[in-house]
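Remarks on the structure that follows.
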Amino acid sequence: MTRQIVARHDWLTARKELLAKEEEAARMWAAVAEQRRQLPAVKIEKEYVFDGPTGTATLLDLFDGRRQLITYHFMFDPAWDEGCKHCSFLADNIGHLSHLHSRDTTLVLVSRAPATKIAAFRERMGWSVPWYSSYGSSFNYDFHVTLDESVAPVTYNFKDKATLKADGEVWFTQGEQGGVSVFLRDGDTVLHTYSAYAHSTDLLHGTYNYLDLTALGRQDAPGRPWLRHHDRYDGNGAA
């Protein structure tokens, strides 16, 4: 990329023009966040059971006594020996959970892989975030992150199979997919307030937010061919 080089006062003029757009985007994002908070909720009627570090747990247990629960649907098929590298990239960006806990919010990962595989991979990656197995439960299917027509109609990112194919997103019509679902607790009643999938989860990628500040940007490509599990880059972090 050829970078234009200018005098400081010309750079400052361009930077102020961009600042106006950044501030406009911030106002729009704040309005979107407010609309998200005003979404109606759906009462969870089904009893889900998970397998975690201390044994079985219900969806209510996953709150760990707090009022809000964020579940990241981490792609980890029961037949795989390790979790998805894209989901791992996102998990690497999770900060210290005490900040969420101070806001009465719990964050957990949920996958269909059995708890033993999850525990081994979690230790390998050096993560401390709680991680539960939904194996044997309909949780992944009900929240449209495991797509199998023999179990449930295919729906991903609020599109049915025909729409996904028409949009050229065939890879989103089967198997494990990523996403995030958010719940609110009212006593012992659990309410589903929000879910997001595909590129709608980009705001969770802190690395991308940092790269977006740089001149070269994300340096990305479809499918992220450069991406590795963090223990599979060379000593300088290169792919």
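Observations
- Panel values: region 112-170, Kirkwood radius from alpha carbon pairs, Stokes-Einstein at 10 °C and 1.306 mPa s, translational diffusion coefficient 119 µm²/s.
- Solvent exposure, largest accessible area first (probe 1.4 Å, DNA, RNA and ligands not counted), of Arg218, Arg3: Arg3, Arg218
- Estimated at 0.36 nm per residue, the fully extended path between Ala31 and Asp92 surpasses their Cα-Cα distance by 19.1 nm.
- The orientation-averaged shadow of the Cα convex hull for region 149-215, equal to a quarter of the hull surface, comes to 7.2 nm².
- Using only alpha carbons, region 121-239 has a radius of gyration to Kirkwood radius ratio (Rg to Rh) of 1.01.
- Once you divide the Cα radius of gyration of region 39-94 by 2.2 N^0.38 Å, the number left is 1.37.
- Separation between Cα centres of region 190-239 and region 36-67, rounded to whole Å: 27 Å
- Relative to the longest principal axis of the Cα atoms of the chain, the long axis of helix 8-37 lies at roughly 20 degrees.
- 222 nm mean residue ellipticity, helices alone, for the chain (DSSP H n ≥ 4; -39,500 (n - 2.57); rounded to 500): -8500 deg cm²/dmol
- Here the chain is assigned +1 on the Cβ of each Lys and Arg and -1 on the Cβ of each Asp and Glu. Its dipole about the Cα centre then comes out at about 580 debye.
- Exceeding the 32 Å Cα-Cα cut-off - candidates Lys46/Lys117; Lys21/Lys165; Lys16/Lys165; Lys117/Lys161; Lys21/Lys43: Lys21/Lys165; Lys16/Lys165; Lys21/Lys43
- Between 0 and 90°, nearest 10: helix 115-125 axis offset from the chain longest Cα axis: 20 degrees
- Annotation: Cα Rg of the chain relative to the compact-globule expectation 2.2 N^0.38 Å equals 1.14.
- Farthest towards the positive end of the charge dipole of the chain, among the residues His86, Pro222, Leu164, is the Cα of Pro222, using unit charges on the Cβ of Lys, Arg, Asp and Glu.
- Electrostatic dipole magnitude of region 120-189 [Cβ: Lys, Arg +1; Asp, Glu -1; Cα centre; debye, to 20]: 200 debye
- In the context of the full set of protein chains, the chain has a per residue accessible area of 61 Å² (1.4 Å probe).
The values are calculated or read from the model by the stated rules, or taken from the named source; none is laboratory data. Remember, predicted model here, so these are calculated numbers, not experimental data. As a convention, Cβ positions derive from the backbone with ideal geometry for all residues, glycine included, and neighbour counts pool all protein chains shown. We work out accessible area using only protein heavy atoms, side chains counted, and drop any ligands, DNA or RNA first. Shrake-Rupley method; radii C 1.70, N 1.55, O 1.52, S 1.80 Å.
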